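Written out below as structure tokens is the structure these notes cover.
The values are calculated or read from the model by the stated rules, or taken from the named source; none is laboratory data. Since this is a predicted model, take the numbers as computed values, not measurements. In this analysis, Cβ positions are derived from the backbone assuming ideal geometry, glycine residues included, and neighbour counts consider all displayed protein chains. Please note that ligands, DNA and RNA were not included when accessible areas were found on the heavy atoms of the full protein model with its side chains. Shrake-Rupley method; radii C 1.70, N 1.55, O 1.52, S 1.80 Å.
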Amino acid sequence: MTKFNENYLNLKESYLFSDIAKRVETYQAANPDKKIIRLGIGDVTLPLAPSVIKSLHSAVDEMADAATFKGYGPEQGYDFLRNAIKDYYARNGVELDADEIFVSDGAKSDTGNITDMFAVDNTVLVPDPVYPVYVDTNTMNGRKIIYMDGTAENGFLPMPDPNVHADIIYLCSPNNPTGAAYNKQQLKAWVDYALENNAVILYDSAYECFIEDPELPRSIFAIEGAKQCAVEFCSLSKTAGFTGTRCGYTVVPKGIKAVAADGSELVLNKMWNRRQTTKFNGVPYIVQRAAAAVFSEAGMAEAKAMINTYKVNAKIIADTMDSVGVRYYGGINSPYIWFECPFDMYSWDFFDFMLDKIQVVGTPGAGFGKNGDNFFRLTSFNNKANTEEAMERFKTLFK
Ligand code: MLT
């Protein structure tokens, strides 16, 4: 019989957000009259912006005409989008070549796909709490994973330990789930550590558009040396509401090398291109046209307005936490509010308690690792009315 990849047996039985969805579905089936408010998975609620829709419509029309119809596109993404992303980086002070940018169907896919590039005997360092995709995809490959603690004491921003060696390091800033964001000095320490250890940093910047503090870097490439050691993953899911439309980008600078068993050095950009041309046929043309509109002047203004709408919700949640005396983190440079579970509860118990008492769904911190056991995450991506109602209900838990 065909042998199965036994590494999958080391995964938790189901993916965090599938598990939550199932629990909520079961509750709703048993309580059909209850109105559930979802502040769990970070899924957006605002529609695509007018410039994006306009560009999407016109691309759909192009597909209806033999003269402008598009079949297979370049696996790496169309030049018009790669150049728009390159210009976006340049406006934020980072110079890249367009062929260092690979258009993807989102940061989740590529943070997992990139594991194809690395040998199984590399040691992977991840923070705890952590976005579960980094852990699950490396577990699927059978790689050794070591953890660094993110705690209230270090502001959920673990720093490199010179006594620990890692070959692959995952960082996410602003962080999912804690909302904490590294400053330039802290990221410089990570870049220095990676260079000293000949390691690669896999940097997830999916929430960069939520950064409002001008002192905080929006890209790891704002740090000197990063182009020799870091790959960056970004997504339009949160920037422009593309969770259902699917488009992101992965930046693989040409300065990063990895070593083969015979000692020869391989340029990661070239090898990633080799991987993509084999395993990926690119993001749909119409989606790439929609994505390019995000980077136009009007598109950027519309995206900013969307983010500001979500920030109002984050403030409503933060103010509620203040009013009931619950300690929280994030919510300023991030769409996530990460708080200590009230009543000394374990996070899955608090999840059930909230669902049962007030029909509000959040994400239990335990789903992100042991350091999340007593924490809970709420998102600001629902609409204002629902967020307000959820927070009014939340306050009743304290009466
Ligand atoms: C989350 O809720 O953590 C995110 O929405 C998950 C994702 O982006 O895949």
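W348: net charge of surrounding residues, Cβ under 11 Å, Lys/Arg +1, Asp/Glu -1, itself excluded?
-3
Ordering I146, I317 by accessible area with a probe of 1.4 Å, largest first, what comes out?
The ranking, largest first, comes out as I146, I317.
Compute the separation of the alpha-carbon centres of region 266-332 and region 182-256 and state it in Å as a whole number.
The distance from the Cα centre of region 266-332 to that of region 182-256 comes to 13 Å.
Could you state the accessible area per residue of region 50-296 in Å², with a 1.4 Å probe and every protein chain left in place?
The answer is 41 Å² per residue.
Please give the Cα centre distance for region 11-80 versus region 381-399, rounded to the nearest Å.
Each part's Cα centre sits 25 Å from the other's.
Strictly over 31 Å apart at the Cα level, which of K86/K108; K54/K257; K54/K108; K315/K399; K144/K188 would you flag in this model?
Those over the limit are K54/K257.
What does the helix-only formula give at 222 nm for the chain: each DSSP H stretch with n ≥ 4 adding -39500 (n - 2.57), the total divided by the residues, and the result rounded to the nearest 500 deg cm²/dmol?
Only helices count here, giving -12000 deg cm²/dmol.
Given R₀ = 51 Å, FRET efficiency for V259-T68 by Cβ-Cβ distance, to 0.05?
Using R0 = 51 Å, I get an efficiency of 0.65.
How about region 30-101: which chymotrypsin sites (Phe, Trp or Tyr not before Pro) there are in a DSSP loop, with at most 13 other Cβ atoms within 10 Å of their Cβ?
F69, Y72
Quick one: length gained pulling D213 to E95 fully straight, 0.36 nm per residue minus the C-alpha distance?
Answer, rounded to one decimal: 40.4 nm.
On the full set of protein chains, 1.4 Å probe, figure out the accessible area of K12 and give it in Å² to the nearest 10.
Rounded to the nearest 10, that gives 150 Å².
State the answer as a single residue: which of F368, A305, I85 lies farthest towards the positive end of the charge dipole of the chain, with beta carbon charges of +1 for Lys and Arg and -1 for Asp and Glu, about the Cα centre.
A305
Quick check: residue separation of S18 and K144 times 0.36 nm, minus the Cα distance between them. What number comes out in nm?
Roughly 42.9 nm would be gained on extension.
Hey, quick one: spin label on A385, modelled 7 Å out along Cα-Cβ, who in region 36-74 has an amide N within reach, i.e. under 20 Å?
36-40, 43-48
Once Lys and Arg get +1 and Asp and Glu get -1 on their Cβ, which of N122, I169, Y147 lies farthest toward the positive end of the dipole of region 112-187?
Result: I169.
If the label point is 7 Å along Cα→Cβ of L266, which residues in region 114-137 have backbone nitrogen under 17 Å from it?
Hits in region 114-137 for L266 at 17 Å: 114-123.
What is the magnitude of the charge dipole of the chain about its Cα centre, with +1 placed on the Cβ of each Lys and Arg, -1 on the Cβ of each Asp and Glu, and no other charges, expressed in debye to the nearest 20?
The dipole magnitude comes to about 640 debye.
Can you tell me how much longer the chain between D344 and D121 gets when fully stretched, taken as 0.36 nm per residue apart minus their C-alpha distance, in nm with one decimal?
Computed gain between D344 and D121 is 76.3 nm.
Compute the distance in nm between two label points, each set 7 Å from the Cα along the Cα-to-Cβ direction, one at V312 and one at A189.
3.8 nm
Hey, what's the Cα Rg ratio for region 243-291 versus the globular rule of thumb, 2.2 N^0.38 Å?
Normalised Cα radius of gyration, region 243-291: 1.50.
What ranking, highest mean first, results for peptides 159-167, 212-220 when packing means the other Cβ atoms within 10 Å averaged over each residue?
212-220, 159-167
If a/c stays under 1.5 just call it rounded; otherwise compare a/b with b/c (prolate if a/b is bigger, oblate if not). Do that for region 50-296, with a ≥ b ≥ c from the square roots of the Cα gyration tensor eigenvalues.
prolate
Say each of N281 and N10 gets a label point 7 Å from the Cα, pointing the same way as Cα to Cβ; how far apart are those two points in nm?
Here the modelled spin labels are 3.4 nm apart.
Among 248-255, 335-342, what's the highest-first ranking by average C-beta atoms within 10 angstrom per residue?
Result, highest mean Cβ count within 10 Å first: 335-342, 248-255.
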